[in-house]
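Student: Below are the structure tokens for one structure; questions will follow.
Every number here is computed from the coordinates shown, using simple stated rules; none is lab data. Just so we're clear, the structure is a prediction, and the values are computed from it rather than from any experiment. Positions of Cβ are generated from backbone atoms using ideal geometry, with glycine treated the same way; all protein chains shown enter the neighbour counts.
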Amino acid sequence: MTSVTKLYDEDEIARRVEELAGEIAGAVSGDFAIVALLKGGFVFVADLIRVLGRHGLAPTVEFMRVSSYGAAKESSGKVRLIGAVPEEVAGRAVLVVDDIVDTGRSLAYARDRLLEAGASKVWTCTLLDKPSRREVEFTADFVGFVIEDVFVVGYGIDFAEQYRHLPYIGIIE
Ligand code: 5GP
Ligand code: MG
């Protein structure tokens, strides 16, 4: 039977998002665009932009969809762009936001596409980081939680399109 064990509850996530927004506000100022990676980053970015707003930051928000998993628990090793890179990034500073850095391929790919599309600067932010799983050299500028090699769901993050609605982050077994 499938079970989900809580890893970070709602309060822990909210506190960390609060701190992360402070870190971002200390490093980023002026006009910038957030590019949230779909689908996994959608809950995180919704919380993050509201806290950033309280820090006086008012980024515009764009979305970009990349896929590396399909319905499996292991990355296919190939990142696919579904749809287009938002053209609004041309000439602007960008903060690209994702749910998890695992092999490192997705965020590295997104950063490279955004630079190609003319972004003047790209910062990267992830809620969760699994450094032990890295297959390409990649370090995010802003990291919420560093976690072990476990498979997590909730707070926007799915397994085969389920569990995105959970308000907490849990380990699925
Ligand atoms: P990477 O390209 O860094 O290997 O993978 C990043 C993407 O893989 C994440 O954005 C996320 O969508 C997916 N991923 C990595 N680890 C997990 C996990 O533990 N659970 C889920 N549901 N997705 C994961
Ligand atoms: Mg993702």
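Student: So what is the 222 nm mean residue ellipticity for the chain from helices alone, if each DSSP H run of at least 4 adds -39500 (n - 2.57) and you divide by all residues, rounding to the nearest 500 deg cm²/dmol?
Tutor: It lands at -8000 deg cm²/dmol.
Student: Shifting gears a bit: Once the principal axes of the Cα atoms of region 62-173 are found, what is the range along each, listed largest first in whole angstroms?
Tutor: Principal-axis extents of the Cα atoms in region 62-173, largest first: 44, 27, 25 Å.
Student: Mind giving me the nanometre distance, one decimal, between the label points for residue 58 and residue 84, set 7 Å out from Cα along Cα→Cβ?
Tutor: 2.7 nm
Student: Suppose we look only past 12 Å in the calculated P(r) of region 6-62. What percent of the Cα-Cα pairs does that tail hold? Intermediate values should be presented prior to the final figure.
Tutor: Values: 1063 of 1596 pairs.
The answer is 67 percent, as a whole percent.
Student: Moving to a separate point now. Suppose we keep just the DSSP beta bridges with both residues in region 4-172; what percent of those would be antiparallel, to 5? Numbers along the way, then the final one.
Tutor: Details: 11 of 34 bridges.
So the antiparallel bridges amount to about 30 percent of the total.
Student: While we're on this one: Note the full-extension length gain between residue 150 and residue 15 as 0.36 nm times their separation in residues minus their Cα-Cα distance, in nm to one decimal. Intermediate values should be presented prior to the final figure.
Tutor: Details: separation 135, 0.36 × 135 = 48.60 nm, distance 2.20 nm.
Gain on stretching residue 150 to residue 15: 46.4 nm.
Student: Around residue 144, which amide H atoms from residues at least 5 apart in sequence, or from another chain, sit under 5 Å from its own amide H, with H modelled in the peptide plane?
Tutor: 126, 127, 128
Student: Could I ask something else about it? Peptides 106-114, 18-26, 94-102: what's the order by average Cβ count within 10 Å, highest mean first? Could the numbers behind the result be given before it?
Tutor: Working: 106-114: 21.1, 18-26: 16.2, 94-102: 25.6.
Ranking the peptides 106-114, 18-26, 94-102 by packing returns 94-102, 106-114, 18-26.
Student: Would you pull out the residues with amide H under 5 Å of residue 123's amide H, same chain only if 5 or more places away, H placed 1.01 Å from N?
Tutor: 94, 95, 96
Student: Taking amide hydrogens as modeled 1.01 Å from N in the peptide plane, which residues meet the under 5 Å criterion relative to residue 62, leaving out close sequence neighbours?
Tutor: Distant-sequence amide H within range of residue 62: 34, 35, 36.
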